[in-house]
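Accompanying notes for the structure given below.
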Amino acid sequence: MSDPSDQPHAVAATPAAARFVFVGGLHRSGTSLLAELLKAHPEVAGQVIDGMPKELEQEGQHVQRVYPVDDALGGPGAFAHNPLAHMTERHPLATAASAARLEADWAPHWRGVEGAKVRLEKSPSNMLRARFLQALWPNSYHLIIVRHPVAVAFATAAWAARHGGGKRAASAASVIECARHWLRAHDLLLADLSSLTNVRIVRLEEFVSSPEAAQRTIDAICADLGLRRVAVGELEAAAGRGAISAGVNRKYWRTCKDEAEDGQP
């Protein structure tokens, strides 16, 4: 007989009309791009958190009191190494009370709820707590965006250098640590995928490769969620974004090539 303490906690399902969509993926992987486009869809309610600093990216993690935020777990380029970041249906907080607390914490920040079929919350570490969120809302849908590890490592290390002491360039050691973090996070994600019912992986490089590719991705997501088709150009305009660029990784390939030629590790 199995130990009851080792069983998932039972949590009541959210009604279909209030279905949650959770966007996750490592920092600098395109989570904001994907979330902003989807939030511009007329049938998607998104969060607008008044007074939130721009660098916090309108992420729901910062206005809830159930689980630790990414910065408390080590921050960009490090949080996946913290065991507390990986949450599953067996977590002691996977309860109806946690679902109710999250609903209450997020309630003041939803915009576009009228006529919306889904509510979208974006936080990078959702990629490591999708099983936990699924336990709270069994019909939730999980979108994980993945970017090439070299680009993520350089971009994250550069961001950390700019925000953590005024340096102009990231060190080779910090880039390597960010690459190791990418491997750890995606190892955990891969192990979790078979336990997720409603999940879609989006590759950033494929998504931005052409307008047609971006439209195919958005169409597939809308079909998964039962949303009407909307042209990507309309979403870009509604979100106040320029056209998606296919050259998102170009400068990182150039930096990697230059450092290799200079003999950097």
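Counting only residues that are open to solvent by 10 Å² or more (accessible area, probe 1.4 Å), farther than 19 Å from Ala35 by Cβ and in contact (Cβ under 8 Å) with a residue 24 or more places away in the chain, how many does the stretch 151-162 have? Residues in the stretch 151-162 being open to solvent by 10 Å² or more (accessible area, probe 1.4 Å), farther than 19 Å from Ala35 by Cβ and in contact (Cβ under 8 Å) with a residue 24 or more places away in the chain: 2 in total. Can you pull out the residues in the stretch 170-203 that are without any contact (Cβ under 8 Å) to a residue 24 or more places away in the chain and over 23 Å from Trp159 (Cα atoms)? Passing the criteria: Asp187, Leu190, Ala191, Leu193, Ser194. Of everything listed in (1) open to solvent by 60 Å² or more (accessible area, probe 1.4 Å); (2) modelled with pLDDT of 95 or more; (3) among the charged types (D, E, K, R); (4) not in a helix (DSSP H, G or I), the single unmet condition for Arg101 is (4). When you check Ala213 against the structure, is it in a helix (DSSP H, G or I), touching a Lys or Arg at 6+ places or on another chain (Cβ under 8 Å) and modelled with pLDDT of 75 or more, yes or no? No. Residues in the stretch 134-150 that are part of a helix (DSSP H, G or I) and surrounded by fewer than 23 Cβ atoms within 10 Å (Cβ to Cβ): Pro149, Val150.
For the stretch 224-247, the set of residues classified as modelled with pLDDT of 95 or more, open to solvent by 30 Å² or more (accessible area, probe 1.4 Å) and either of a type in the set (Val, Ile, Thr) or in a loop (DSSP other than H, G, I, E, B) (or both) consists of Gly226, Arg228, Arg229, Ala231, listed by residue number.
With respect to the conditions (1) at pLDDT below 90; (2) open to solvent by 70 Å² or more (accessible area, probe 1.4 Å); (3) not aromatic (Phe, Trp, Tyr), His81 lacks only one, and its number is (1). Among the residues of the stretch 49-71, what is the count of those that are among the hydrophobic types (A, V, I, L, M, F, W, C) and modelled with pLDDT under 90? Matching residues across the stretch 49-71 total 3. Taking the stated definitions as given, is Leu120 touching a residue at least 12 places away in the same chain (Cβ under 8 Å), open to solvent by less than 10 Å² (accessible area, probe 1.4 Å) and closer than 15 Å to Arg200 by Cα? The answer is yes for Leu120. Given (1) within 20 Å of His62 (Cβ to Cβ); (2) in contact with a Gly (Cβ under 9 Å, 6 or more places away or on another chain), identify the lone condition not met by Ala107. The one condition Ala107 does not meet is (2).
Scanning the stretch 21-44 turns up no residue that is free of Cβ contacts under 8 Å to residues at least 60 places away in the same chain and among the small types (Gly, Ala, Ser).
Tallying residues that are open to solvent by less than 10 Å² (accessible area, probe 1.4 Å) and assigned to a helix (DSSP H, G or I) within the stretch 32-70 yields 7.
Against the criterion of being within 15 Å of the chain's Cα centre (by Cα) and either open to solvent by 50 Å² or more (accessible area, probe 1.4 Å) or not basic (Lys, Arg) (or both), Val202 qualifies.
The values are calculated or read from the model by the stated rules, or taken from the named source; none is laboratory data. The model shown is predicted, which means the values in this text are computed figures rather than measured ones. Backbone-built Cβ (ideal geometry, glycine too); neighbour counts: all protein chains shown. Surface areas here come from the heavy atoms of the whole protein model, side chains and all, with no ligands, DNA or RNA. Shrake-Rupley method; radii C 1.70, N 1.55, O 1.52, S 1.80 Å.
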